[in-house]
Amino acid sequence: MILAVFDFDHTLIKGDSLFQYGLFLFKKGGIRIRLLPRFLWALVKSCKGGSNESLKLSYLDMFIGGIKAEDLRQLAGEFVCEVL
């Protein structure tokens, strides 16, 4: 069974779970530095009223882009056990 849980009101963890996931992934293996400028540009655009969706996509791409689905499942399990 697959379960998706969304914590909109910070009842499960304190703070933004996407940020926590990125921090967890950074500690596990770093980021793809070559994608940092793209993320920073998306951040600037978001601050000026741009899309938060493109910001989140570029953020996640820095950490999980190109990783095999099986490896992501393992990392997600570790994230749940270690962080959540």
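Okay, here's what the table says:
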| item | result |
| --- | --- |
| Per-region count, region 46-61, residues within 18 Å of the chain's Cα centre (by Cα) and either surrounded by 14 or more Cβ atoms within 10 Å (Cβ to Cβ) or part of a helix (DSSP H, G or I) (or both) | 11 |
| Lone unmet requirement of (1) touching a residue at least 60 places away in the same chain (Cβ under 8 Å); (2) farther than 22 Å from L84 by Cβ for Q20 | (2) |
| Among (1) part of a loop (DSSP other than H, G, I, E, B); (2) open to solvent by less than 70 Å² (accessible area, probe 1.4 Å); (3) free of Cβ contacts under 8 Å to residues at least 24 places away in the same chain - the single one M1 does not satisfy | (2) |
| Residues within region 44-70 that are among the charged types (D, E, K, R) and in contact with a helix residue (DSSP H, G or I) (Cβ under 9 Å, 6 or more places away or on another chain), tallied | 3 |
| Subset of region 15-41 that is of a type in the set (D, E, K, R) and within 16 Å of E78 (Cα to Cα) - its residue that is surrounded by the most Cβ atoms within 10 Å (Cβ to Cβ) | K28 |
| Only listed residue being touching a residue at least 40 places away in the same chain (Cβ under 8 Å), surrounded by 10 or more Cβ atoms within 10 Å (Cβ to Cβ) and part of a loop (DSSP other than H, G, I, E, B), chosen from L75, L12 | L12 |
| Checking G65 against (1) open to solvent by less than 30 Å² (accessible area, probe 1.4 Å); (2) of a type outside the set (A, V, I, L, M, F, W, C); (3) under 12 Å from the mean Cα position of the chain (by Cα); (4) closer than 18 Å to D16 by Cα, the condition it does not meet | (4) |
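The values are calculated or read from the model by the stated rules, or taken from the named source; none is laboratory data. No experiment lies behind these values; they were computed from the predicted model shown. For neighbour counting, all protein chains shown are included, and Cβ atoms are generated from backbone atoms with ideal geometry for every residue, glycine included. Heavy atoms of the whole protein, side chains included, go into the accessibility calculation; ligands, DNA and RNA do not. Shrake-Rupley method; radii C 1.70, N 1.55, O 1.52, S 1.80 Å.
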